[in-house]
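Participant: Quick one: this structure, given as structure tokens, is what I'll be asking you about.
The values are calculated or read from the model by the stated rules, or taken from the named source; none is laboratory data. Values in this document were obtained by computation on a predicted structure and should not be read as measured data. Note that we place each Cβ from the backbone using ideal geometry, even for glycine, and neighbour counts take in every protein chain shown.
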Amino acid sequence: MGRDRLAYWAFAAAVVLNLVILFNPGSPGDPATFIPHRDKIVHFLSFSAIAWTGRRVGISPLVLGIALAAHAVESELVQHFVLPHRSGDPWDAAADLLGATAGLVFATRLRRGAAHRDSVVAGS
């Protein structure tokens, strides 16, 4: 039970962190420009974390993939049209989609690996 609870907390934390990152109104200027493509890296990691933790709590990969794809597009539209000092960027949406895909693939491979190990142990 404790492990399941931890997975739900990790998923909730990933979602909340993503929302803070994407919808923080920001301020003029671009801090931390010393890291090239920093924002793309953050987008990728944020969406991969949601995808991976979402699979850990049992959300269907199809449902999760569709929701994250819609969120990737919607978040860029909100940044572009609603938030001050922010702009929508199609490359951010691409990083979001790649991150979601990577998280789903990683979670699926881990599940298959765990299922394979369980079947080998059960067959021993």
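Participant: How about the range 60-87: which of its residues are out of contact with any Asp or Glu (no Cβ under 6 Å at 6 or more places or on another chain), in contact (Cβ under 8 Å) with a residue 24 or more places away in the chain and hydrophobic (A, V, I, L, M, F, W, C)?
Facilitator: LEU64, LEU68, ALA69, VAL78, LEU83
Participant: Could you give me the residue pairs with C-beta distances under 9 Å whose first residue belongs to the range 18-30 and is among the polar types (S, T, N, Q), whose second residue is modelled with pLDDT under 95 wherever it lies, and which are 6+ apart or on separate chains?
Facilitator: ASN24/LEU83; ASN24/ARG86; SER27/PRO84; SER27/HIS85
Participant: Just to be sure before I move on: is LEU68 surrounded by 15 or more Cβ atoms within 10 Å (Cβ to Cβ) and closer than 28 Å to ARG109 by Cα in the structure I sent?
Facilitator: yes
Participant: Here is a check on your reading of the model: is SER48 touching a helix residue (DSSP H, G or I) at 6+ places or on another chain (Cβ under 7 Å), polar (S, T, N, Q) and over 30 Å from ARG3 (Cβ atoms)?
Facilitator: It is false that SER48 is touching a helix residue (DSSP H, G or I) at 6+ places or on another chain (Cβ under 7 Å), polar (S, T, N, Q) and over 30 Å from ARG3 (Cβ atoms).
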